[in-house]
Every structure is written in structure tokens, then in C-alpha cells.
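Novice: Dropping the structure in here first, questions after.
No value in this document is a laboratory result; all are computed from the given coordinates. Computed from a predicted model, the values in this text were never measured in an experiment. Cβ: placed from backbone, ideal geometry, glycine included. Neighbour counts: every protein chain shown.
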Amino acid sequence: MSSTQHVRINDILLGPWERRALQWLAARMPPWVTPDVLTSLGVLSAVLIAVSYWLTNLSPLFLWLASLGVVFHWFADSLDGTLARFRHIERPKYGYFVDHVTDALSEALIGIGVGLTPYVRFDYAMIALISYLLMSVLVFVKMHVTGVFQISFSKFGPTEVRVFIILCNTIIFFVGNPMVETPLGTSTIYDAIALLFAAVLFGLFIVMLLLEGSKLKKQERTPKSE
């Protein structure tokens, strides 16, 4: 099944509110705001987030700018497809390609930005980024093999990740950078959160890999020779 024909699963916790908000926004966008404009804004928002995180080495006030960038990124990344469908100007192959390639670029920029802050070790941020990208690869491969494009897992998807990032930014600003003891030694609490995030995603990746692999193996079991 091609990328233009698939079943989309996006059963996120914030889904009911998000879908209504996106429809409301799509109906009110001026003509010059096109899906391509929104996609470009999404990438620029990721650059803003990364630069803002880097600038937290100068002042934690830049955490608020990073959070604003996350809001802009949600707006652009979530609305581009909705706007195309609302205006009936879908370009399934082009849209799929550009949307997900720029998503990967944005994820890399944000992950690098997190690693450049004084709050999370760069190597821990990269581990979390790799785990996130592994899940993205799994989602894309599963879609091409099964025709199911699964964005959410246990009511958790990209929108919830963004809310989590904003929450962490807010806590960091008000609480500071406390230290905790981990099996790997003394780390900041945000180092621990990054590693926990990575562990959850990597564990989910392994579980999904085994479950989907087993299911596909049963479906395509080679008949025994008579």
C-alpha cells in the first residue's frame, strides 16, 4: 500500500480539543497562508527552539522563547495537513514526502538544541533523539507494510510530547537544576528525564518490532513442502 492510501491512527489524549482547534484555525486562515508556508514555519520554529535552548547558557529566560517556539511548531506542523484537506488542495505524495522529511529535520534540530542547554548532557539528549527517530522509522515502515499509519501510542503522540516539553521548560525556569543520584552516577533531574524518555521509547520500539514482526511472519508463513 502506498503512502497515499493508509489508515491513520491518531487517538491522542488531547485529540478531541486539538481537532476542533485545527478546524477552527483552518477556516480562518487568510489565502496567503498555504500548507507550504506552514511547513516552512514549522522548520523555522524548530530553529527558534534550538537557538533558544542554546541561549539558555546566557539566561534561563530563553526557556520561555523555546516554549513559544514549541507552540509555533505545533501550529504549523499540525495545521498544514488540515488546511490542505479543508481547502481540498491535497497533494498526497508531495505532502507526505515534504511533511515527514521536514519533521525529521525539526526533531533533529530540537534534540540538538536540548543537548546544548546547561540542563541536559549532550550525549543523553542524543540518546533520546535517536530513540525518537527509531520510533519514527518504525511508524513509516509499518505504514508501508501494513497500511496503518500509527501516530499515537497509549493516547500519547507528538502533541503530548510538545506539552511535556513546555512543562519541563516551565519547571526548569522556576525550580532550577537539581541533582539526583542515578545508576549512572550523579546527574541533573533533566538528565534523568531524558534517559527515562529514551528508555520508554526504545522499549516501545522493541515491543512493536517483535509484535509486528511476529504478526507479519504468521501472515506470510511459507507453506510446508508436500
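Novice: Skipping prolines and chain starts, which residues have an amide H placed within reach, meaning under 5 Å, of the one on residue 149, given they are 5 or more residues away or on another chain?
Specialist: Hits under the 5 Å cutoff: 7, 8, 9.
Novice: Let me ask something else. Which whole-number percent is the relative contact order of the chain (Cα, under 8 Å, 6+ apart)?
Specialist: Relative contact order, the chain: 28 percent.
Novice: Also, I was wondering about something else. Taking 8 Å as the Cα distance limit and 6 or more residues as the minimum spacing, I'd like the relative contact order of segment 78-182 as a percentage.
Specialist: Reported as a whole number, the value is 12 percent.
Novice: For each of 218, 142, count neighbouring Cβ atoms within 10 Å of the residue's Cβ, then give the residues from fewest to most.
Specialist: So the ranking, lowest neighbour count to highest, is 218, 142.
Novice: I would also like to ask the following. When the helix-only estimate is applied to the chain (DSSP H runs of n ≥ 4, each -39,500 (n - 2.57), divided by the residue count), what is the mean residue ellipticity at 222 nm, nearest 500 deg cm²/dmol?
Specialist: Computed ellipticity for the chain at 222 nm equals -24500 deg cm²/dmol.
Novice: Also: Lys pairs in the chain, Cα-Cα under 19 Å, at least 8 apart or on separate chains: how many?
Specialist: 6
Novice: For 54, 17, which order do you get if you count the other beta carbons within 10 Å of each Cβ and list the fewest first?
Specialist: Ascending Cβ contact count within 10 Å gives the list 17, 54.
Novice: Rounded, prolate or oblate: pick one for segment 95-220, where a ≥ b ≥ c are the square roots of the eigenvalues of its C-alpha gyration tensor, a/c under 1.5 means rounded, and failing that, prolate if a/b is larger than b/c, else oblate.
Specialist: prolate
Novice: In what sequence do 220, 107 fall when counting other Cβ within 10 Å, fewest first?
Specialist: So the residues, fewest neighbours to most, are 220, 107.
Novice: Could I ask something else about it? Once amide H atoms are built 1.01 Å from N in the peptide plane, which residues 5 or more positions from residue 188, or in another chain, come under 5 Å H to H?
Specialist: Close amide H contacts, sequence-distant or interchain: 180.
Novice: Here is a follow-up. Antiparallel versus total DSSP beta bridges in the chain: what percent is that, nearest 5?
Specialist: Roughly 60 percent of the DSSP beta bridges within the chain come out antiparallel.
Novice: Just to check I understand the Karplus step: with θ = phi - 60° and J = 6.51 cos²θ - 1.76 cosθ + 1.60, what whole-Hz values come out for segment 23-30, glycine and proline as x?
Specialist: Working through the residues one at a time gives 5, 5, 5, 4, 6, 10, 6, x Hz.
Novice: While we're looking at this one, here's another question. Give me a comma-separated list of calculated 3J(HN,Hα) values for segment 72-85, in order, Karplus coefficients 6.51, -1.76, 1.60 applied at θ = phi - 60°, integers in Hz, x for any Gly or Pro.
Specialist: 4, 5, 4, 4, 6, 5, 7, 8, 4, x, 4, 5, 4, 5
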